[in-house]
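Asker: I'd like to ask you about the structure that follows.
The values are calculated or read from the model by the stated rules, or taken from the named source; none is laboratory data. Keep in mind that this is a model prediction, so the values were computed, not measured. Glycine gets a Cβ as well: all are built from the backbone with ideal geometry, and neighbour counts include every protein chain shown. These accessible areas exclude ligands, DNA and RNA; they are computed on the full protein's heavy atoms, side chains included. Shrake-Rupley method; radii C 1.70, N 1.55, O 1.52, S 1.80 Å.
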Amino acid sequence: MNNYIESLNWRYATKKYDASKKVSDKDLETLKDAVRLSVSSVGLQPYKVFIIGDTDIRKQLIEAAGGNNKNIIADSSYLFVFANEVNPGDTEVENYVKNIGETRGIEPENLKGFSDYISGFLKGLTPEQKNAWTIKQTYIALSTLVNSAAVLKIDTTAMEGFNAEEFNKILGFDKLGLNAAVIAAIGYRHEEDANQHLKKVRKPKEELFVTI
Ligand SMILES: Cc1cc2nc3c(=O)[nH]c(=O)nc-3n(C[C@H](O)[C@H](O)[C@H](O)COP(=O)(O)O)c2cc1C
């Protein structure tokens, strides 16, 4: 656990990447394993994660990012785009329950109660509430990425500073029922990034936690 806390202290929101250093395929697979294992409400994972390499698409996305986020994306190894499902319904629930049945060897009739529960929960939400709920789930996956990368000594920058509508257009998300909720660059810090030397600013434990 000490090592984990050390990793969390080591990481920081990287502002300048060293474009000459690239995250290896092996480490990228490990990060995908970690994000895949991320928790989500009822286990539905109502999102997809797009990993953008050094492509023309990345150049277009840079244009749709704000301020210094453009440089961050340009010099990082990969850009993760966490895209929430805007309007999950019966099809997504069926696919999920099918996966549970196949993975755990459970007959569909024994999963009907769970399936009905999730469908009922989703039907009880307005479209806005559903979108907000699936966006929340992407942030948990984002956190898994950021903290897992720190363990591998890979730098990250979580970012909300981008034009989601433009991202949706460039990545064709509208047709896929997806929405760019939050993004994260991964790569290696540049030695000139002064932010790596800043002390962590966090609320003191006495203020943050209430143990009752
Ligand atoms: C959801 C989210 C969105 C963020 N958006 C941006 C961003 O657009 N650009 C940026 O440079 N940093 C962004 N940050 C980084 C935060 O400012 C940073 O994590 C916070 O100040 C704490 O500092 P630390 O990560 O260095 O410990 C974001 C962080 C989170 C979690």
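Asker: Please verify whether the stretch 138-156 includes one or more residues that are touching a residue at least 12 places away in the same chain (Cβ under 8 Å), farther than 24 Å from Thr55 by Cβ and of a type in the set (Phe, Trp, Tyr).
Answerer: yes
Asker: While we're looking at this one, here's another question. Looking only at the stretch 3-47, filter to residues that are closer than 22 Å to Asn84 by Cα and of a type in the set (Asp, Glu); which one of those is farthest from the ligand (Cβ to nearest atom)?
Answerer: Within the stretch 3-47, the match that is farthest from the ligand (Cβ to nearest atom) is Glu29.
Let's see how each residue does on (1) within 26 Å of Glu191 (Cα to Cα); (2) open to solvent by 80 Å² or more (accessible area, probe 1.4 Å):
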position: Met1; (1), (2): no, yes
position: Asn9; (1), (2): yes, yes
position: Tyr17; (1), (2): yes, no
position: Ala34; (1), (2): no, no
position: Ala74; (1), (2): yes, no
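Asker: Hey, can you tell me all the residues within the stretch 158-201 that are of a type outside the set (A, V, I, L, M, F, W, C) and in a loop (DSSP other than H, G, I, E, B)?
Answerer: Hits for the stretch 158-201 are Glu160, Gly161, Asn163, Gly172, Gly177, Tyr188, His190, Glu191, Glu192, Asp193, Lys199, Lys200.
Asker: Scan the stretch 126-157 for residues that are away from the ligand (no atom under 16 Å from the Cβ), surrounded by 15 or more Cβ atoms within 10 Å (Cβ to Cβ) and outside any helix (DSSP H, G or I) and jot them down.
Answerer: Hit for the stretch 126-157 is Leu152, nothing else.
Asker: Give the number of residues within the stretch 48-91 that are in contact with an Asp or Glu (Cβ under 6 Å, 6 or more places away or on another chain) and either away from the ligand (no atom under 16 Å from the Cβ) or within 23 Å of Lys32 (Cβ to Cβ) (or both).
Answerer: 0
Asker: Sticking with this one: I need a count of the residues in the stretch 49-76 that are touching a Phe, Trp or Tyr at 6+ places or on another chain (Cβ under 8 Å), under 23 Å from Thr144 (Cβ atoms) and not aliphatic (A, V, I, L, M).
Answerer: Residues meeting the conditions: 4.
Asker: Please give the number of the condition Tyr47 fails out of (1) open to solvent by 50 Å² or more (accessible area, probe 1.4 Å); (2) touching a helix residue (DSSP H, G or I) at 6+ places or on another chain (Cβ under 6 Å).
Answerer: (1)
Asker: Examine the stretch 193-204 for a residue that is in contact with a strand residue (DSSP E or B) (Cβ under 6 Å, 6 or more places away or on another chain) and among the basic types (Lys, Arg), and state whether such a residue exists.
Answerer: No, the conditions are met nowhere in the stretch 193-204.
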